[in-house]
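Heads up: the structure comes next, in structure tokens.
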């Protein structure tokens with residue numbers, strides 16, 4: 001189960017512009033496998049297995065420009081998104097090209113506190129049974145999920161077909177947080193916060209490198225991992241491109 005403490009809630013609310021982590025079919029299938037390993041209830045048909053969220057109200061949301069995603073939000077801020085295979089289950093909320101939301105919120109205007117009825121940018125989806133209660137994600141077989149009321153299990157949206165994780169070829173990598181990115185081989189010292197002494201740009205055909213000199217001199221016999229450019233940029237406090245340009249200027 002995913003647990004969010006008060007600190008995590010505040011961080012989510014403070015980083016509304018941060019990328020949202022997508023949940024794909026493989027993630028949910030893995031959760032279902034883990035459930036099967038520990039479940040001993042002979043009456044379990046897996047319909048009651050759900051990811052719930054403690055001490056917080058989670059509300060699903062759809063937004064303009066994302067007709068194949070349902071976002072899970074806390075305090076109206078997205079913290080995860082469920083990437084849908086086709087978006088058929090929510091396509092009635094959008095116009096043909098997904099650039100505008102249509103229709104009205106079905107929760108009852110006297111209970112809705114989301115200001116979503118104008119449907120200009122986002123629309124929040126609420127339970128009909130307990131509109132102000134938290135949503136849980138019921139995991140189904142075959143890469144499907146349902147969004148249900150955490151209190152009574154009443155479905156809000158049934159059997160969403162979740163998309164498979166996008167496949168990319170090296171030197172690119174798919175990051176749940178940043179999407180398709182160039183990949184970099186990164187030594188464990190850089191991962192742990194040390195400044196990279198050797199930095200080589202990733203290209204369309206070559207993986208990049210960010211390492212200390214010691215690890216490079218040991219010819220990669222130490223611990224190395226692969227990082228997306230986005231996470232490497234985060235480690236360098238947003239200055240990856242600036243550092244690459246500086247090195248390339250010196251080399252020229």
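The values are calculated or read from the model by the stated rules, or taken from the named source; none is laboratory data. Keep in mind that what you see is a predicted model, and the values were worked out from it rather than measured. Cβ: placed from backbone, ideal geometry, glycine included. Neighbour counts: every protein chain shown.
Conditions first: (1) touching a residue at least 40 places away in the same chain (Cβ under 8 Å); (2) under 23 Å from residue 84 (Cβ atoms); (3) surrounded by fewer than 16 Cβ atoms within 10 Å (Cβ to Cβ). Residue 134 passes all but one, so which condition is the exception?
In the conditions (1) touching a residue at least 40 places away in the same chain (Cβ under 8 Å); (2) under 23 Å from residue 84 (Cβ atoms); (3) surrounded by fewer than 16 Cβ atoms within 10 Å (Cβ to Cβ), residue 134 misses (3) alone.
Quick check on the stretch 28-57: of everything there that is surrounded by 13 or more Cβ atoms within 10 Å (Cβ to Cβ) and in contact with a helix residue (DSSP H, G or I) (Cβ under 9 Å, 6 or more places away or on another chain), which residue is farthest from residue 133 (Cα to Cα)?
Of everything passing the filter in the stretch 28-57, 46 is farthest from residue 133 (Cα to Cα).
Quick check: is even one residue across the stretch 160-168 more than 23 Å from residue 67 (Cα to Cα), at pLDDT 90 or above and buried (at least 16 other Cβ atoms within 10 Å of the Cβ)?
So far as the stretch 160-168 goes, no, none of its residues is more than 23 Å from residue 67 (Cα to Cα), at pLDDT 90 or above and buried (at least 16 other Cβ atoms within 10 Å of the Cβ).
Taking the conditions exactly as written (surrounded by 14 or more Cβ atoms within 10 Å (Cβ to Cβ), within 30 Å of residue 249 (Cβ to Cβ) and more than 16 Å from the chain's Cα centre (by Cα)), does residue 148 satisfy them or not?
Taking the combined requirement at face value, the residue does not satisfy it.
Condition first: touching a strand residue (DSSP E or B) at 6+ places or on another chain (Cβ under 8 Å), in a loop (DSSP other than H, G, I, E, B) and over 30 Å from residue 164 (Cβ atoms). Can you find one or more residues in the stretch 221-233 that meet it?
Yes, some residue in the stretch 221-233 is touching a strand residue (DSSP E or B) at 6+ places or on another chain (Cβ under 8 Å), in a loop (DSSP other than H, G, I, E, B) and over 30 Å from residue 164 (Cβ atoms).
Sort out which residues of the stretch 204-220 are modelled with pLDDT of 90 or more and either on the phi > 0 side of the Ramachandran plot or not in a loop (DSSP other than H, G, I, E, B) (or both), and write them in order of number.
Within the stretch 204-220, 208, 209, 210, 211 qualify.
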